[in-house]
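The values are calculated or read from the model by the stated rules, or taken from the named source; none is laboratory data. Worth saying up front: this structure is predicted, and the values here are computed from it rather than measured. Positions of Cβ are generated from backbone atoms using ideal geometry, with glycine treated the same way; all protein chains shown enter the neighbour counts.
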């Protein structure tokens with residue numbers, strides 16, 4: 001009898017702990033954000049006019065600038081037939097994350113480069129980005145540079161799969177376990193059969209960045225509506241994951257940015273109670289922590305019909 005009572009108490013306590021953890025996750029919120037600021041736009045009549053879409057930032061402390069940002073454009077052709085030479089990457093540099101000077105030699109990657117995402121490891125720059133073929137199937141590649149401007153040594157990290165998208169890379173070094181993590185979107189969005197469409201947020205990890213190509217992928221989140229563009233940040237002992245979403249039945253015809261939280265970088269992520277955290281046709285968010293401050297750089301659509309965007313930034317206020 002005593003053993004049964006002890007067993008019952010243990011089960012009850014476990015249930016209470018799990019119930020409390022669930023309530024905690026449901027009540028957890030993404031930190032409060034500042035008013036947004038436009039930090040980067042395309043130049044009229046130039047290669048990036050109206051299309052600045054993503055900004056990946058590293059703290060480089062080179063050439064008179066603390067921060068180096070790699071930006072990409074919004075061009076996207078769902079069923080192929082696009083001009084891949086329009087997909088380019090540019091470099092912009094800043095000392096305050098607000099005012100950015102574009103590199104006079106832009107674009108630094110001039111063909112079939114979308115969604116550049118950078119990391120600085122020691123003195124070596126790595127940029128991951130997505131490439132397309134004539135059918136718009138995509139893959140993720142990696143290039144390297146010593147000066148942050150001239151990139152080569154292209155390596156395929158996530159290969160193409162027929163009829164699928166493998167894209168939206170976000171590279172992250174986790175100081176807690178000393179592993180590199182590559183987050184990305186993989187799915188089927190081009191099928192004429194709506195029942196086969198799916199969107200998956202994926203992650204790979206490796207002790208060495210060059211070995212990510214051999215790492216086993218793992219699904220973090222899956223959905224039947226558009227869910228893509230992951231980015232992660234570790235802030236105040238939590239991992240925050242942001243993803244873009246498009247679901248007219250829920251949010252109308254506009255992009256939103258959803259927020260999730262986990263206590264493990266490749267663990268189970270739960271959506272936060274104040275998600276979406278960006279909800280005015282806002283997408284493609286990259287999160288970064290610099291000097292204990294959390295920043296989000298994201299794209300805001302200023303003209304949906306023409307797919308014209310500008311690049312904005314918000315900062316966590318508390």
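Below is a table of values for the structure above.
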quantity	calculated
Filtered residue count, the range 192-206, keeping only those that are surrounded by fewer than 16 Cβ atoms within 10 Å (Cβ to Cβ) and touching a strand residue (DSSP E or B) at 6+ places or on another chain (Cβ under 8 Å)	1
Residue within the range 71-80 that is modelled with pLDDT of 95 or more and over 18 Å from the mean Cα position of the chain (by Cα) present	no
In the range 165-181, the residues that are assigned to a strand (DSSP E or B) and more than 27 Å from residue 79 (Cβ to Cβ)	171, 172, 173, 174, 179, 180, 181
Test: residue in the range 293-305 that is touching a strand residue (DSSP E or B) at 6+ places or on another chain (Cβ under 8 Å), part of a strand (DSSP E or B) and farther than 21 Å from residue 40 by Cβ	no
Any hit, the range 284-292, residues being surrounded by 17 or more Cβ atoms within 10 Å (Cβ to Cβ), modelled with pLDDT of 95 or more, in a strand (DSSP E or B) and more than 17 Å from the chain's Cα centre (by Cα)	no
Filtered residues of the range 120-136 (kept if surrounded by fewer than 19 Cβ atoms within 10 Å (Cβ to Cβ) and modelled with pLDDT of 95 or more)	120, 121, 122, 123, 124
Selection from the range 256-268 of residues that are free of Cβ contacts under 8 Å to residues at least 60 places away in the same chain and under 15 Å from the mean Cα position of the chain (by Cα)	256, 257, 258, 260
Residue within the range 207-218 that is under 17 Å from residue 261 (Cα atoms) and surrounded by 20 or more Cβ atoms within 10 Å (Cβ to Cβ) present	no
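Conditions tested, residue by residue: (1) closer than 23 Å to residue 271 by Cβ; (2) over 17 Å from the mean Cα position of the chain (by Cα).
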{"position": "162", "(1), (2)": "no, yes"}
{"position": "173", "(1), (2)": "no, no"}
{"position": "180", "(1), (2)": "no, no"}
{"position": "185", "(1), (2)": "yes, no"}
{"position": "213", "(1), (2)": "no, yes"}
{"position": "216", "(1), (2)": "no, yes"}
{"position": "222", "(1), (2)": "yes, no"}
{"position": "231", "(1), (2)": "yes, no"}
{"position": "250", "(1), (2)": "yes, yes"}
